[in-house]
1. Can you work out which of the residues in region A:203-215 that are among the aliphatic types (A, V, I, L, M) and open to solvent by less than 50 Å² (accessible area, probe 1.4 Å) is farthest from the other protein chains (Cβ to nearest Cβ)?
2. Looking at region B:35-78, which of its residues are assigned to a loop (DSSP other than H, G, I, E, B), within 14 Å of another protein chain (Cβ to nearest Cβ), open to solvent by 30 Å² or more (accessible area, probe 1.4 Å) and closer than 26 Å to B:Q194 by Cα?
3. Within region A:46-63, identify whether any single residue is in a helix (DSSP H, G or I), open to solvent by less than 90 Å² (accessible area, probe 1.4 Å) and aliphatic (A, V, I, L, M), and answer yes or no.
4. Looking at region A:161-181, which of its residues are hydroxyl-bearing (S, T, Y) and either touching a helix residue (DSSP H, G or I) at 6+ places or on another chain (Cβ under 6 Å) or facing another protein chain (nearest Cβ under 7 Å) (or both)?
5. Is there a residue in region A:226-236 that is in contact with a Leu (Cβ under 8 Å, 6 or more places away or on another chain), within 14 Å of another protein chain (Cβ to nearest Cβ) and either open to solvent by 40 Å² or more (accessible area, probe 1.4 Å) or assigned to a helix (DSSP H, G or I) (or both)?
6. Given the conditions (1) within 14 Å of chain B (Cβ to nearest Cβ); (2) in a helix (DSSP H, G or I); (3) surrounded by fewer than 21 Cβ atoms within 10 Å (Cβ to Cβ), and given that A:R103 satisfies all but one, which numbered condition is not satisfied?
7. Can A:V158 be described as crowded, with 18+ Cβ neighbours inside 10 Å, part of a helix (DSSP H, G or I) and among the hydrophobic types (A, V, I, L, M, F, W, C)?
8. Go through region B:314-347 and count every residue that is open to solvent by 50 Å² or more (accessible area, probe 1.4 Å) and under 29 Å from the mean Cα position of the chain (by Cα).
Amino acid sequence: MTARRRPAFPLALLLRAATAWAVALLLFFPLGWLFLTAFKSELQAIAVPPLLVFSPTLENFHEVQARSDYLLYAKNSVITSVLSTVLGLLLAAPAAYAMAFFRGKYTRDILMWMLSTKMMPAVGALVPIYVLAQKSHLLDTQLALIIVFALSNLPIMVWMLYSHFKDIPPEILEAARMDGTTLWQEVRLVLLPLGMGGIASTGLLCLVLSWNEAFWSLNLSAAKAGTLATLIASYSSPEGLFWAKLSAASLMAIAPIVVFGWFSQKQLVQGLTFGAVK
Amino acid sequence: MAYLQLRGVEKFFGRHRAIKGIDLTINKGEFIVFVGPSGCGKSTLLRLIAGLEGIDGGTLELDGRDITDLPSSKRDLAMVFQSYALYPHMSVFENMSFALKLAKVDPAVIREKVERAAATLNLTTYLERTPKELSGGQRQRVAIGRAIVRAPKVFLFDEPLSNLDAALRGQTRVEIAKLHRELGATTIYVTHDQVEAMTLADRVVVLRDGLIEQVGTPLELYDRPANQFVAQFIGTPQMNVVPAGQLPPGVRQLGPQAAAQGAIGLRPEAVSVLPKGLGTVDGRVELVEALGAETLLYVRTAEGAQLVARQSERTRLQAGDDVSLNVATDQAHWFDSAGRVVQAAAH
């Protein structure tokens, strides 16, 4: 880690601050605009020039709840993201344990191969997965989404857990074995307490990814198992755009995860940069 | 009586044969030290005994029972790791009681055993702390405490002192020796430090390239090394080994015929430095190391060999002075061209 240097001129400092602010505003702008639009009427929403000062209304939110059952979609989102995260952790943790502590000749290759599956566009697997879901009568069910979310996040989960586990000195697990632990005791009494930080941040990240996942929920679910992503999509209809309602629906969809992310951001950042900065 | 018996033990890492068929008998209560240069296989051999690595050939018997394929947890051995390997999320008490708790020992008995071990190791006031609140030396004592509360069949130490500073290392070494005397437990101790090997061991096993070079008591190894490797590995400063060709004819003739193409080995105390002309080998002082209690003189002979002489008297000699050496040929070790001893020193 390099020490932070004090810039030589105040001008450099000013430029740096201005750039940082510009980038931050650029990233924040769509969200801010979304937020504003959600509280406008449809007419105000399409006004040119755009209105910055207006009297806010909650009408869009009532409309969204009246036209489509927000709570149903929200419930689906909660259930699919939580259960897919749990399922993913149950599959990823043993894999990461094996690769971190019992390295073989091909461990590295297997890790690379796992990650490479993430390079393939999801649409490439759409037809087979759709057919599989259809044949097993899982279309528009939460179960289908849980399984697909968990599997699509699995490579990232294995990688993250692997890099966390690799930072646990293997002698500690060996000491536990010498002390007489069974495999299950070794995992429960030593590995899990030591790896809890990594498991938590991996879980948090996957929760966010599953919540935001739109491709599979749009293609595999509809009115029954649809998540909030499908709710948003239903407001961008071909006949006429309803910017204000779309914004309200989007805001309602992302609000829970943004709040959740806000409170867990320390864990999340720590998880994503683990091993990189220490 | 054989307590721990290794027969033809082998280990492969991929195609590399790391341990090449080790036969070794360890008696009950013995303190055995595995010593050798890095990469010689001493730690691997310990891990094979511990069950942390699988044995690829041969058998391992403990107390009359074949444990070759038994997992570590069933072997009833305790190990002290170089990195201490304490459980960071547990207090000192929990660290030391972990194995007993797993074995479902009565909590009152556990408390008594842990407290007794803590008292022996001066850890009583630290029982509620976590490892990160302890110094290196204290952590090492907790690691030792974790091993002794279990009263295992064999203690395994993997370079336990190499993370400590020099003063603490000496102190802990003495404590380990004392502990062994009190407990009388069979112990296998791995180190690359020959001082630890010499001071702690009942018997030392010198390893090189996955093979045993020699097994013996510390003084046996010092006085009667089986070959040039052991001779030079044991003892500081190293034994002087001079190729026969660099010896004056007068000295060379004293050795056996087989050493004619080999070398002569002389401990630094078998070489004495005399004023020029009074000894058998002429040379020039290259370096003087005055250590207080003893003085080491590095002398280059006229034939080009460098010899170290150890003497207890202080000296006025300086680098560059011409001297003469007297070598105690009755204390010489003669090696053949393959480095095997053909004639040992008379002791």
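The values are calculated or read from the model by the stated rules, or taken from the named source; none is laboratory data. Quick caveat, the model's predicted, so the values are computed rather than measured. Because the Cβ atoms are built from the backbone with ideal geometry, glycine has one as well, and the counts that use them run over all protein chains shown. When the accessible area is computed, the model is the full protein with side chains, heavy atoms only, and any ligands, DNA or RNA have been set aside. Shrake-Rupley method; radii C 1.70, N 1.55, O 1.52, S 1.80 Å.
1. Restricting attention to region A:203-215, the residues satisfying the condition of being among the aliphatic types (A, V, I, L, M) are A:204-205, A:207-209, A:214.
Of the ones still in play, those that are also open to solvent by less than 50 Å² (accessible area, probe 1.4 Å) are A:204-205, A:207-208, A:214.
Working: A:L204: 21, A:L205: 23, A:L207: 25, A:V208: 27, A:A214: 39 Å.
Per the criteria, the residue is A:A214.
2. Initial filter on region B:35-78 (assigned to a loop (DSSP other than H, G, I, E, B)): B:36-41, B:51-56, B:63-64, B:67-71, B:75-76.
Now drop any that are not within 14 Å of another protein chain (Cβ to nearest Cβ), which leaves B:51-54, B:67, B:70-71, B:75-76.
Within this subset, residues satisfying the condition of being open to solvent by 30 Å² or more (accessible area, probe 1.4 Å) are B:53-54, B:70-71, B:76.
Within region B:35-78, just B:E53 meets the criteria.
3. Within region A:46-63, the first condition is being in a helix (DSSP H, G or I), and the residues that meet it are A:59-63.
Then keep just the ones that are open to solvent by less than 90 Å² (accessible area, probe 1.4 Å); that gives A:60-61, A:63.
This time we only want the ones that are aliphatic (A, V, I, L, M), so: none.
Among the residues of region A:46-63, not one is in a helix (DSSP H, G or I), open to solvent by less than 90 Å² (accessible area, probe 1.4 Å) and aliphatic (A, V, I, L, M), which makes the answer no.
4. Of the residues in region A:161-181, the ones hydroxyl-bearing (S, T, Y) are A:162-163, A:181.
Correct list: A:Y162, A:T181.
5. no
6. Result: A:R103 fails condition (2) only.
7. Working: crowded, with 18+ Cβ neighbours inside 10 Å: yes; part of a helix (DSSP H, G or I): yes; among the hydrophobic types (A, V, I, L, M, F, W, C): yes.
When the stated conditions are applied, A:V158 passes them.
8. Matching residues across region B:314-347 total 9.
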